[in-house]
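Read the structure below first, then the notes.
The values are calculated or read from the model by the stated rules, or taken from the named source; none is laboratory data. Note that the coordinates shown come from a computational prediction; the quantities given were computed from them, not determined experimentally. For neighbour counting, all protein chains shown are included, and Cβ atoms are generated from backbone atoms with ideal geometry for every residue, glycine included. Surface accessibility is based on the protein's heavy atoms, side chains included, excluding ligands, DNA and RNA. Shrake-Rupley method; radii C 1.70, N 1.55, O 1.52, S 1.80 Å.
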Amino acid sequence: MSTQIPKILPIYPLKEHIVFPYMVIPLFFPREAIVVIEEAMKDSQMIGAVYCPGPKNVCDFDEHPRIGTVCKINQLVKFTDGGGKVTIEGVQRFIMHAPVETNPCLKATIELVIEKEERGLVVDALVQSVNALLKIALAYGRPLPEDVLKMIDRIEDPGRLADLITVYLGVDPSAQQELLAILDPIERLKSVYMHLTTEVQKMQVKGEIDQEINKRIGKGQKEQLLREQMKQIQQELGDQDPRMAEINELRKRIRIADMPDDVLVVAEKELRRLEQINPASPEYTVSRTYLDYLCNIPWQKGTQDSLDIKQAGRVLNEDHYDLKEVKQRILEYLAVRSLKATTKGPILCFVGPPGVGKTSLGRSIARAMGRKFIRVSLGGMRDEAEIRGHRRTYIGALPGRIIQEICRAESNNPVFMLDEIDKIGQDFRGDPSSALLEVLDPEQNDSFSDHYLDVPFDLSKVMFITTANIMDPIPSALRDRMEVIRLSGYSDEDKEQIAYKYLIPKEIEENGLANHPLEFAPDAVRKILQDYTREAGVRNFERKIATVCRKVAFDVAQGNDARKKVVGADIENLLGPCTYFTEVAGERDRIGVVTVLAWTEAGGDILFIEVARMAGNKGLTLTGSLGEVMQESAKTALSYVRGHAELFGIEEGFFEKSDLHIHVPSGAIPKDGPSAGVTIAVAIISLLTGRAARRDVAMTGELTLTGRILPIGGVKEKLLAARRAGAKTVLLPIRNREHLAEMDEHLLKDLDVHLVERVDEIVAHALLPSVQSSVNIDEVEMVPPGASS
């Protein structure tokens, strides 16, 4: 074949492949290289294939290596764009000496390389070693065509074997060129052996690593591999990867969420982290949920306040009767908002007995201001995380209720009601009331930090309203942060107005009587109030009205002749026997039994102080579930009476040979407080002087050892309780004059209120004249309250 190869050949530059002797490959050439092929086709149909290193498609003579391969063109196919494809076959190595011409293509003189046939033990051993390594490579997964394997088994020439294996070693073109340039067949095979050894070692290490990884690989990694494969398939098909679609959607939501700059930095950082997390990992869900909350929080989104004060006043009056102080406070806030746009939301605390409308008032305030309304009940809450959230390190962590509810409302300035704040608890999980200190502090809540979010959120635009029945259980630090507005109970006149304006129309509608007009006569409403309810609010009153409406609805549904007007005489038939009786009006005057006004979380109430005397040795027995303060008040009252016995006409040594027993009925109900001190003293004086106490006189006041009468709280509630119980006269400490001046006149019209400052004044009002001075005290009949006379 060497005699047929010209001494001058057109040189074709190779970029991606090196052609070895006896190798047949298809070669695609661009339009610029067609001249090389055409020059070869004119002459011997042979070209010199030489590696062209570097980025250029065509190399100068000096840039080419000197060793190349003579190739014969077996087939030529031209394309319409000027390029084409040739099938070439490697014939023999050559050494390129000098360029002959460069136009239209590079031609150079060549010298063919003649390889000697090598035989011997070294060659045979080397060939066997290469074949053994090749089989090991195949065992580790090196792909090799079946026909090539058969060819390798038949080849004994070391040079040709080296060339064939080099093609399938998978090394880069520069390494292949180095092997092509080794002209000694044995040296070339040795070099191939070294390359093959290195390849096998890499494959062994990779195999060990893969085996170890396969042992450790779990379901998550397998899913990740499958997802990556699916991703590639979807890219080929033009579909979008669902995970990337989700991340792109989050990126869009972050962009339109209008976050503050510092929060935006955190969100973008978390999004970048999410992109690196395996979707099957639990961390992915944690990060995804966190970004969801950051995007859902209304950072800058709020409702526009309705600043029409007259309209707001009409809305408040539509929903609630009276409650002037609360309504005035809300209207004042709206007035300030109309003058100054950036005003911090007030922190209000509505304190009052159940059923007076504290919770519904919050909803009415939100409607009057045009804001969203949120209500969270704090009763029984013991975990501090309910307020501030859990840290994201915990499984199932979530933000606190404050952030959750604001997200649901989609507004950063709602009316937020924290109901039953006096019933909040605490245990080993923390103190929720301490967590509320930041929430309810106008100076701090503009940067409230939830443990879950770990970024500040502005709560200063929120109007917080808390409700409580009593203030005592609320920590002083929390109480100091709130503006307390007390909602006292309603008088019977107020309840009548509420019934006609709100309750009766509501229950008629809810019980399906809209097409059957039902009228309640005033005497029927008063009978329900006086004989079937005894409360500060109107909750039980509403239930009784609902019961009457249901009875009428039953008659209507049965087709009976249903009444259209309910009068007082019908109430007992509809509601059953009378439930409550007038405690005071139904009892007679007794010695040692005095009426006292009390205040509870359910409103005002009346109690009776009973005192009995028996022979003994200065013993004092206190019963009726009395608290420590009330027990101390009883001891103070006894000491006062002993110290002033002469003033009230009592024997000086009455206590030397006597025991006293002070009892407050309803013994199962705990009682405490200092305001019964005066009443206990009057009851002792009544017993020891034999003067009966007027049952229609009710009193309250704290007594000191010197006889001073200190002011008390809950004046309105106690006056309402006195009216409900049928008392005619009420005795109050003179220092409660200001509270009395604030009362509406209709609350006092049935009461004769006296302001007193000394015990002797109270004795004059409360005890009957001593017309029975000869009566033996020990023989006075003691009848428990509520028993028939």
- Taking region 314-411 and dividing mean pair separation by its residue count, relative contact order in percent (alpha carbons under 8 Å, at least six apart): 22
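Find, to one decimal place in angstroms, the Kirkwood hydrodynamic radius of region 105-193, where the mean of 1/r is taken over every pair of different Cα atoms and then inverted. Before the final figure, lay out the partial values.
Details: mean 1/r = 0.0707 Å⁻¹.
For region 105-193, inverting the mean 1/r across all distinct Cα pairs yields 14.1 Å.
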- So which cysteines in the chain don't have a second cysteine's C-beta under 4.7 Å from them? Cys71, Cys105, Cys295, Cys349, Cys407, Cys549, Cys578
- Message: Under the rule of at least 5 residues apart or a separate chain, name every residue whose amide H is placed under 5 Å from the amide H of Leu9.
- Response: Ala108, Ile110
- Provide the per-residue ³J(HN,Hα) series for region 389-396, in order, calculated from phi with Karplus coefficients 6.51, -1.76, 1.60 and θ = phi - 60°, each as a whole number of Hz, with x at glycine and proline positions. x, 9, 6, 5, 6, 8, 5, x
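Report in % the part of the accessible area of region 635-728 that belongs to carbon and sulfur, leaving out ligands and nucleic acids; probe 1.4 Å. The partial results should precede the final answer.
Details: 1730 of 3420 Å².
Summing carbon and sulfur atoms, their accessible area is 51 percent of the total for region 635-728.
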- Note on the structure: Karplus-derived 3J(HN,Hα) from phi for region 673-687 (6.51 cos²θ - 1.76 cosθ + 1.60, θ = phi - 60°), whole Hz, x at Gly and Pro, runs x, x, 6, 8, x, 4, 5, 5, 4, 5, 5, 5, 4, 4, 5
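Counting DSSP beta bridges in the chain, what percent are antiparallel, to the nearest 5? Before the final figure, lay out each step's value.
On the way: 50 of 90 bridges.
Approximately 55 percent, going by the DSSP bridge assignments.
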- Any idea what Rg and Dmax come out to for region 456-531 if you just take the C-alpha atoms, in Å? 19.9, 59
- Message: Along the Cα→Cβ direction, 7 angstrom out, place labels at Glu111 and Ala125. What is the inter-label distance in nm?
- Response: 3.4
- Summing -39500 (n - 2.57) over the DSSP H runs of n ≥ 4 in the chain and dividing by its residue number, what mean residue ellipticity at 222 nm do you reach, to the nearest 500 deg cm²/dmol? -12500 deg cm²/dmol
- Task: Whenever you get a sec, compute what percent of the accessible area on region 1-47 sits on carbon and sulfur atoms (1.4 Å probe).
- Result: 54
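Distance cut-off 19 Å, Cα to Cα: go down the list Lys7/Lys107; Lys252/Lys372; Lys718/Lys749 and report the pairs above it. Write down the numbers at each step before the final one.
Details: Lys7/Lys107 10 Å; Lys252/Lys372 27 Å; Lys718/Lys749 15 Å.
In this structure, Lys252/Lys372 lie more than 19 Å apart at Cα.
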- Task: Let me see the pair-distance distribution of region 576-729: every alpha carbon pair, 10 Å bin width, integer percents in order.
- Result: 11, 41, 35, 10, 2, 0
- Message: Through the Karplus equation 6.51 cos²θ - 1.76 cosθ + 1.60, θ set to phi - 60°, convert the phi angles of region 5-22 into ³J(HN,Hα) values in whole Hz; use x for Gly and Pro.
- Response: 8, x, 7, 10, 10, x, 9, 9, x, 9, 10, 9, 9, 10, 8, 9, x, 6
- Averaged per residue, the 1.4 Å probe accessible area of region 611-753, protein heavy atoms only, in Å², is roughly 43
- Message: Can you give me the accessible area per residue for region 417-541, using a 1.4 Å probe, in Å²?
- Response: 40
- Query: Can you give the accessible area of Glu510 in Å² (nearest 10), computed on protein heavy atoms with a 1.4 Å probe?
  - Reply: 120
- Item | Nearest-10 value in Å² for the accessible area of Met743, using the 1.4 Å probe | 30
- Message: Among (i) 124, 76, 63; (ii) 163, 66, 58; (iii) 110, 75, 45, only one was calculated for this model; which label is it, if the read-out is Cα extents along the principal axes in Å?
- Response: (ii)
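Report the extension gain between Asp81 and Glu745 in nm, rounded to one decimal, defined as 0.36 nm multiplied by the number of residues separating them, less their alpha carbon distance. Present the calculation step by step, with values, prior to reporting the outcome.
Details: separation 664, 0.36 × 664 = 239.04 nm, distance 10.76 nm.
Result: 228.3 nm gained on full extension.
How far, in nm, would the chain grow between Glu32 and Gln229 when pulled straight, counting 0.36 nm per residue and subtracting the alpha carbon separation? Show your work: numbers first, answer last.
Details: separation 197, 0.36 × 197 = 70.92 nm, distance 3.90 nm.
Computed gain between Glu32 and Gln229 is 67.0 nm.
Leaving out ligands and nucleic acids, note down the accessible area per residue over region 1-54 with a 1.4 angstrom probe, in whole Å².
Numbers: 2800 Å² over 54 residues.
Per residue, region 1-54 has 52 Å² of solvent-accessible surface.
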- Query: Taking amide H positions as placed 1.01 Å from N in the peptide plane, with prolines and chain starts having none, which residues 5 or more places from Gly690, or on another chain, fall under 5 Å of its amide H?
  - Reply: none
- For Thr621, the residues 5 or more places away or on another chain with a placed amide H closer than 5 Å to its own amide H are Leu660, His661, Ile662
- At a 1.4 Å probe radius, carbon and sulfur cover how many percent of the accessible area of region 281-345? 52
